[in-house]
Structures are given as structure tokens and as C-alpha cells.
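The values are calculated or read from the model by the stated rules, or taken from the named source; none is laboratory data. Quick caveat, the model's predicted, so the values are computed rather than measured. We place every Cβ from the backbone using ideal geometry, glycine too, and count neighbours over all the protein chains shown. With ligands, DNA and RNA removed, areas are computed over all heavy atoms of the protein, side chains included. Shrake-Rupley method; radii C 1.70, N 1.55, O 1.52, S 1.80 Å.
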Amino acid sequence: MSRSAVPLRPPRWSLILLIGVMMAQTALNLFWLPTSGQSGQLAVPYMLNRGLTLYDTAVENRAPASALILAAAYQLSPLSEVETLRLIDLAVTLALTMGVFAAAFQLTANALCAAAGIGFWFWFEPVYANLLFYFDTLIGGLLLSAALLWLALERRTHSRGAPHWIAPLLVGLVIGCAPLVKQHGWAVVGMGGLWMLAFGGWRRALIYTVGALVLPVAALVTAAAGGVLDQYLFWTWGSNLSSVRPGSPLTGEFVRKFGLTALFVPAFALLSLKQPKRRTWWLVILLWVGACATLIPNFGEIYVMAGLPLLAVMSGCAIGETARTIAHPPRTVDARDLTLMGIAFGIALLWGWTGIAAYVPNPVGRAAVLAYDEFRPVADRLTALRSPGDTLFMLPQFDGSSQLHLLTAMDPPGLWLNTHSWFLIAPGMIDRLLSAWAENPPDWIVYFPELIVQSQPYSDPLTTFMQAHYAPVETIPNIPYNGDAVIYQRVSEPLHGTLSNP
């Protein structure tokens, strides 16, 4: 089909289906499916709005974009942080649904492809997106936006004679945002450059590279102007490359899920060979390959989200194009037809089995905000015990327990950091924290005995400090996913200048 023959608008039935899917997603996200509020979505933006500095007094080992965006959103929103996050999560889900629909339709001019794409996205998004406004999901949105932008600019170039340098420059700017969302985004930048060189020539590849470097260079300049360039480089690169952080091993269960989800990528690649827009089809393939870099070194489900929107587009195109080919079945059914129908039925069963688990209620309850709602009993007790101006720290302070700062409106004692071992092992980090506590110790510490083993032996000096200057007040038992929580109150002042890491 020629470009001029591609319809600009999908048929009405497909738009009705799109609206129906979005309405279902809205209801499910607000009233059934859980979401998650890890430290990068709640605690870190909260700390920034309380005056802490990213990579200095608020220690984070990931790229800055999502924390800065959420901090600004929380400042502007009249709602609480968690309510704002839930609405942002819903907006991201719906925006990606529309993007998948548009990309699949623009690539094929086949409404069946668009319908299959959003069906795939609707079913698999809850499987992988226990976090939504998260690093990997944002990369997925950027890559989908880059593909849509290229399709739009390509059509404009051929219809109106727009300058050929605009498309690679703007696509480079969009994909160049990915490293600011997560360090793995550089793999995506590289795959985009490889595609541009293969299909556009070295001039377009050079223009694309300039566009992709604009925002990362601007981030370096901004960090240097704020006096945190060395910390920014260390925590986003040096720490991650040299720390003792263990990766999540590749398991058979993950291979099963990911293999089922990516089942139609080979079919999409084969179909691209016969498409007039095959170079854009290969842009989608290569960007998805780059997005798979987020799985290294942690083969966790949330990291699939970087490529899931494009995976939905590819699967939708493959399913829809195949359905159009066999739209007129033969009058007689032979063994080959029965085999194909059997394979399709088997795939449907496996997809159904994989997706249905997302709808099973979790221990915190339906529509819960995980890594937040389970800490409400601890927060309620702390709020009853605290005095105005009291400060708080958690041992260990992980992605979940950090939300107690928001739940209690209690700040950390001047320095906030995650106490996983790969943070504490950083040169001078424990001494820096102990020195800060010598001057300004936290008034309260919430201690999780079952979790502390994950940060030992690096957290031992902090536990020793707690045992020397704090007394247990109360134990809140059986916090889901965390075990017992013991509330400690400060009973003595440390001797200034004498604390050190043994």
C-alpha cells in the first residue's frame, strides 16, 4: 500500500473499542489493580520538596528525570503525593494505550492491528507494571513517542516537502531523554543511531546524534552549576558499575513469561520485509532491542516495561496482519489449518494464565498502593508518639519503608539515603551518616529485624548506634512484606565528634 493510500483515520468501531478499553483501564486502576509507590516515586520527590538536594543530601543511584518531574507535580497538585501519583499512573496508562493504538494503525493502516495491539497492552500491562511512573515505563513511553513522531514527520516530509533534517533531530531529542530517565537509556540511543545510519545515511545519523546529546549534556552542565557533578556521576554510573549490588538471576518463570510476551517479534520482523514502511518497522524492532538492556543485571518483571509498549505494537501488527490474510478461510479444513488453530488456542490459554494472576487480590488489599499502604499502622502509631519537629530514620531504609516519611510528615535528620548494602559500601558513606547523626541524630528509628540482614554487615555500625542511644517503645507486628516493625525513641545524645565506622 502506498503512503498516499494510507487512511488518516481508523474506522469508528476501532475507536469505540479504544474508548471501551480506556474506560476499563480507568476502573481497574482506580478500584482493583494495585500500584506501587517506591522511594523513587514518593520518598525522593518528597525529600526534594523538603529542601534536600538530589545526589547530595538525598542520595539516589538512578537518573534524575522521574524524581524531578514528580517533585514538580507534587508541588503543583492540590492533592496528596500518593493521590497525585495514582492519577499520574492512570494518565500514563491511558496515554500509552492511545500511543499503541496509533502506532499500530499508522504502521499497517489495519484497524485489526490497532485493536490487537491495545488488547495485548491491556492484558500484559498489569502483569509487568506493578510500578507505573517508573524509570522503565518512562523509557517505554519515550520510545513509543519517537516511533510516532517519526511516522508523523515522515508523512509530512513526503506530503509538504519539510526539511529532511527535522525528523532525525527531533527523534534524537526524544530518544536523548532516555538516559536522563535511566542509565540504560544509552543503549536505546545507540540502537536509534544504528538504525539512522543504516536507513538514513551518515548525515542523518550525525543530526540524530546531535539531538540525542542535547539534554544529557544540559544535565551535566546543570549538575556542575549546582555543585553536584561529581556526586551525580558517581551515583548514576560509578556506584552502579563498582558496587556489590547483586543482580536478579534469570529464572525459568521469568523466561516463560517473557518468551510468551515476545512471541510475535519474529513474525513482526518477517512481515516488515514486505512493508513499504519497513524502515520504520525496523526502528520499532531496534528500539525494542535497546530497551531490553534494562533487564541487565536484574531480570525482574518491572524492567520489561521499557519495551512493553513497542512489544504491544509489534504483537498487534503481527496478529492483525495475519488475521487479515486469513480473513477468508477455506471451505475445507485440512491438517495444517487444524494445527494452526491448535497453536493459536494454546497461546491464548498461556496468555490467559499469565495475565489472570495480576487480578488476584494481594495481602494489602485491592487497589492498594504497595510499599505505602502496608505501613499505615506504623505511621499511625508514630504520629501519636511524635512531637512537632521530630525526625525519623528507618533501619533498614529500603524503597518501601522510606514512605513512612510521607505518612508521618517527619523529615530525615538532614541526610536521606537508602540503606541497601550497595549504598552503604560507597566510600565514606557510613562515616558521613554517623557524623551527621553525631550533630543531629534522628528522634525516632523504625527497625525491621527481618529485613536488616539484607544490608549487613554494612548496616552494623548504624544498628550499634541505635542500640546505644535509643530504647524500644513498641512493636507493630506482621507488616506485609516487611515483618515486625520496632519503634525506637532516642533516650541519649551521642558524644559529638566521636562516632566513626569501626
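For this structure, a couple of remarks:
- Near pairs, Cβ below 8 angstrom, 6+ apart or cross-chain, from the range 124-148 (within 18 Å of Gln183 (Cα to Cα) and polar (S, T, N, Q)) to any residue that is in a helix (DSSP H, G or I) and open to solvent by 20 Å² or more (accessible area, probe 1.4 Å): Thr137/Val92
- Within the range 360-374, the set of residues being β-branched (Val, Ile, Thr) and open to solvent by 20 Å² or more (accessible area, probe 1.4 Å) comprises Val360, Val364.
- Any chance Ala91 is in contact (Cβ under 8 Å) with a residue 24 or more places away in the chain and either among the hydrophobic types (A, V, I, L, M, F, W, C) or open to solvent by less than 40 Å² (accessible area, probe 1.4 Å) (or both): no
- Considering residues of the range 134-150 that are in a helix (DSSP H, G or I) and open to solvent by 10 Å² or more (accessible area, probe 1.4 Å) only, the residue nearest to Ala212 (Cα to Cα): Leu142
- Just one of the numbered conditions (1) in a loop (DSSP other than H, G, I, E, B); (2) surrounded by fewer than 22 Cβ atoms within 10 Å (Cβ to Cβ) is not true of Gln41: (2).
- Sole residue being within 30 Å of the chain's Cα centre (by Cα) and open to solvent by less than 10 Å² (accessible area, probe 1.4 Å), chosen from Leu417, Leu382: Leu417
- Scanning the range 422-436 for residues that are buried (at least 19 other Cβ atoms within 10 Å of the Cβ) and either modelled with pLDDT of 90 or more or under 13 Å from Pro396 (Cα atoms) (or both) yields Phe423, Leu424, Ile430, Leu433, Leu434.
- Pick from the range 151-173, criterion modelled with pLDDT of 90 or more and surrounded by fewer than 22 Cβ atoms within 10 Å (Cβ to Cβ), ranking: nearest to the chain's Cα centre (by Cα): Leu173
- Restricting the range 289-315 to residues that are touching a Gly at 6+ places or on another chain (Cβ under 6 Å) and farther than 18 Å from Val189 by Cα, the residue that is surrounded by the fewest Cβ atoms within 10 Å (Cβ to Cβ): Pro297
- Residues satisfying the stated conditions in the range 347-389, i.e. part of a loop (DSSP other than H, G, I, E, B) and of a type in the set (Gly, Ala, Ser): Gly365, Ala367, Ala368, Ala371, Ser387, Gly389
- Hits in the range 445-468 (condition: surrounded by 15 or more Cβ atoms within 10 Å (Cβ to Cβ) and either more than 14 Å from Ser492 (Cβ to Cβ) or among the basic types (Lys, Arg) (or both)): Val446, Tyr447, Phe448, Leu451, Ile452, Ser455, Tyr458, Ser459, Asp460, Pro461, Leu462, Thr463
- Checking Arg432 against (1) under 25 Å from Gly51 (Cβ atoms); (2) in contact (Cβ under 8 Å) with a residue 24 or more places away in the chain; (3) under 32 Å from the mean Cα position of the chain (by Cα), the condition it does not meet: (2)
- Hits in the range 95-118 - residues which are surrounded by fewer than 20 Cβ atoms within 10 Å (Cβ to Cβ) and at pLDDT 95 or above: Ala95, Met98
Yes/no per residue for (1) farther than 15 Å from Gly185 by Cβ; (2) touching a strand residue (DSSP E or B) at 6+ places or on another chain (Cβ under 6 Å); (3) modelled with pLDDT of 90 or more; (4) not charged (D, E, K, R):
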| site | (1), (2), (3), (4) |
| --- | --- |
| Gln231 | yes, no, yes, yes |
| Val255 | yes, no, no, yes |
| Thr280 | yes, no, no, yes |
| Leu287 | no, no, yes, yes |
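- Between Leu18, Leu94, Leu48, the distinction of being closer than 24 Å to Ile175 by Cα, part of a helix (DSSP H, G or I) and of a type in the set (A, V, I, L, M, F, W, C) belongs to Leu94 only.
- Test: residue in the range 412-429 that is touching a Ser or Thr at 6+ places or on another chain (Cβ under 8 Å), assigned to a loop (DSSP other than H, G, I, E, B) and on the phi > 0 side of the Ramachandran plot: yes
- Number of the condition not met by Pro10 [criteria: (1) over 19 Å from the mean Cα position of the chain (by Cα); (2) within 22 Å of Phe375 (Cα to Cα)]: (2)
- Residue within the range 72-83 that is open to solvent by less than 10 Å² (accessible area, probe 1.4 Å) and assigned to a helix (DSSP H, G or I) present: no
- Residue match in the range 190-199 (condition: modelled with pLDDT of 90 or more and either within 13 Å of the chain's Cα centre (by Cα) or among the β-branched types (Val, Ile, Thr) (or both)): no
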